[in-house]
1. Can you tell me which of VAL375, VAL403, VAL393, VAL369 is among the hydrophobic types (A, V, I, L, M, F, W, C) and closer than 13 Å to ARG429 by Cα?
2. Quick one: THR347 ticks every box in (1) in contact with a helix residue (DSSP H, G or I) (Cβ under 6 Å, 6 or more places away or on another chain); (2) over 20 Å from LYS376 (Cα atoms) bar one, so which box is it?
3. State yes or no: is LYS308 of a type in the set (D, E, K, R), in a helix (DSSP H, G or I), touching a residue at least 12 places away in the same chain (Cβ under 8 Å) and surrounded by fewer than 17 Cβ atoms within 10 Å (Cβ to Cβ)?
4. Can you confirm whether THR152 is assigned to a loop (DSSP other than H, G, I, E, B) and among the hydroxyl-bearing types (Ser, Thr, Tyr)?
5. Check region 372-389 and report whether any residue there is of a type in the set (Asp, Glu), without any contact (Cβ under 8 Å) to a residue 24 or more places away in the chain, in a loop (DSSP other than H, G, I, E, B) and within 24 Å of GLU298 (Cα to Cα).
6. So which of ASP374, ASP343 is surrounded by fewer than 16 Cβ atoms within 10 Å (Cβ to Cβ) and either modelled with pLDDT of 95 or more or under 30 Å from ALA265 (Cα atoms) (or both)?
7. Scan region 312-365 for residues that are of a type in the set (Phe, Trp, Tyr) and either within 15 Å of the chain's Cα centre (by Cα) or in a helix (DSSP H, G or I) (or both) and jot them down.
Amino acid sequence: MNIDRPSTNESTLLRKRKYDEMTPSPMSMGGRSHPEYGFPMASSEVLEKRRKLQPSRPTLSSMQPPRDDNGSGVSFTPFVLQPSVFQPFVFQPPPPQQSSTQLSLMPTPPPSFDFSSLDLKQSVNETGLWQMGGERLKSLKKQLPTFVKSKTPKSTDIRIKAITQSTENWGISADENVRTEFQRTKRFKMGDDEAETVFNQRSHQATLIWKTDSPSLNQYGDKTDSSQPLSGHTPGIKTQNVGGTKGALTKEHGTRDPRREKILAKTFDDPNRGEHDLSIMSKLATIQLFMSPKEELETVKSTVGKSKTPIYSQFKDIGDISGNNTGGFDKLVNRVQTVRETDKMFTAKNLLISGYDTLVPETHKELLVKAKGDVKEAMRLLHQESSDSQSKVKFNTSTHSQVPRLDLKSLREMSKDKNPTQTPLSPVRRIEDHNFNF
């Protein structure tokens, strides 16, 4: 169901006041932080109050007083004698007992879940930070207050330095789903809550891998480059297993990044945008443009297998994916698929909390309802369905992203389409693993 929202200024003031009422200040005695990511959360007491329904009042007709016809002040209910009518006794046989089989075939109502009971800001923050672990997460938490406090932040307030974790071959930082320059120049037009979730929208660069010359990019009319079959965000995959950016495969990175920025500008310029619409759209654009689905990556498997030049993944447990290293290739594309589908599940949840139900594919809704909004549980259920040869889920098997152009309407405008033929989120795909810990 789509819900009309107030203007941006009114929305920011109303949401800010509402969020402040339900979330104690992290500096106050009653404040609490997210146990994993550190941002302030609403208290359990506040969320519990939001879930409680007010007791219904008795209707006026049920509250009528007894009659007082004699003016004595004594109320009574008159007794009226009803004449009896003789009715002959007719034996009625007892109704037939239903068997357990008959009972099991009775229709049961589908499960339901109230997504409006969830905290949108918290969910959007989790969407952006779930791929950030260890020192990267610490760096982001350290820089966030400086960014939020400033209306004219510097690039160094937004970017974090490259970090090499024990599971990685070389150092990387974290992709800003909302481009650094965009955040730097548009910060003064954002409220603090909007700025926080925008800052926190990040992706691990080693899973931002795509097939070049893809329909997902071609539909925008942008120039493509198929001189390399596989490419990625600098420096996610490289021809040399060394530090820095030397040997990085980055074809089309310089085209996809500006295109993502133009997509976000459409939503940002909408005066009626929701407070976290920009953050949600940034993840949708990243999924479409920076992460090819497994089915698309597999179309270049034979070409990569013929490569005489090594192609290294940033992950140590994958290493070289070229030549005869088909096991490494398969492991990389499966990992990208798991991360991509997890991002989609998080984003589906955020769309549902926002009231943008029409933009969410049915299977995402069903899995999230069963999981009561828990993305990890929803992904476990998706993996269960993926492993079931008898599953009734209609999986997406397209060899490229089915999402149409995202730069023609803002997210808010998309949500107003009563019968959208295409949505910014495509149906679920099969996964080999239900989770990956960075």
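The values are calculated or read from the model by the stated rules, or taken from the named source; none is laboratory data. Since the model is a prediction, treat every value here as computed from it, not as a measurement. Cβ coordinates were reconstructed from backbone atoms using ideal geometry, including for glycine residues, and neighbour counts include every protein chain displayed.
1. On the way: VAL375 fails: closer than 13 Å to ARG429 by Cα; VAL403 fails: closer than 13 Å to ARG429 by Cα; VAL369 fails: closer than 13 Å to ARG429 by Cα.
Unique residue meeting the criteria: VAL393.
2. (2)
3. Working: of a type in the set (D, E, K, R): yes; in a helix (DSSP H, G or I): no; touching a residue at least 12 places away in the same chain (Cβ under 8 Å): yes; surrounded by fewer than 17 Cβ atoms within 10 Å (Cβ to Cβ): yes.
Criteria not met by LYS308.
4. Working: assigned to a loop (DSSP other than H, G, I, E, B): yes; among the hydroxyl-bearing types (Ser, Thr, Tyr): yes.
So THR152 passes the test.
5. Yes, some residue in region 372-389 is of a type in the set (Asp, Glu), without any contact (Cβ under 8 Å) to a residue 24 or more places away in the chain, in a loop (DSSP other than H, G, I, E, B) and within 24 Å of GLU298 (Cα to Cα).
6. Values: ASP343 fails: surrounded by fewer than 16 Cβ atoms within 10 Å (Cβ to Cβ).
Residue meeting the stated conditions: ASP374.
7. If we filter region 312-365 for residues that are of a type in the set (Phe, Trp, Tyr), which is where we start, we get 312, 315, 329, 346, 356.
Passing the criteria: PHE329, PHE346, TYR356.
To keep it simple, each residue is scored yes or no on (1) modelled with pLDDT under 95; (2) within 21 Å of the chain's Cα centre (by Cα); (3) part of a helix (DSSP H, G or I).
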{"site": "PRO107", "(1), (2), (3)": "yes, no, no"}
{"site": "GLU126", "(1), (2), (3)": "no, yes, yes"}
{"site": "GLN131", "(1), (2), (3)": "no, yes, no"}
{"site": "LEU140", "(1), (2), (3)": "no, yes, yes"}
{"site": "PHE147", "(1), (2), (3)": "no, no, yes"}
{"site": "GLN165", "(1), (2), (3)": "no, no, no"}
{"site": "TRP170", "(1), (2), (3)": "no, no, no"}
{"site": "VAL178", "(1), (2), (3)": "no, yes, no"}
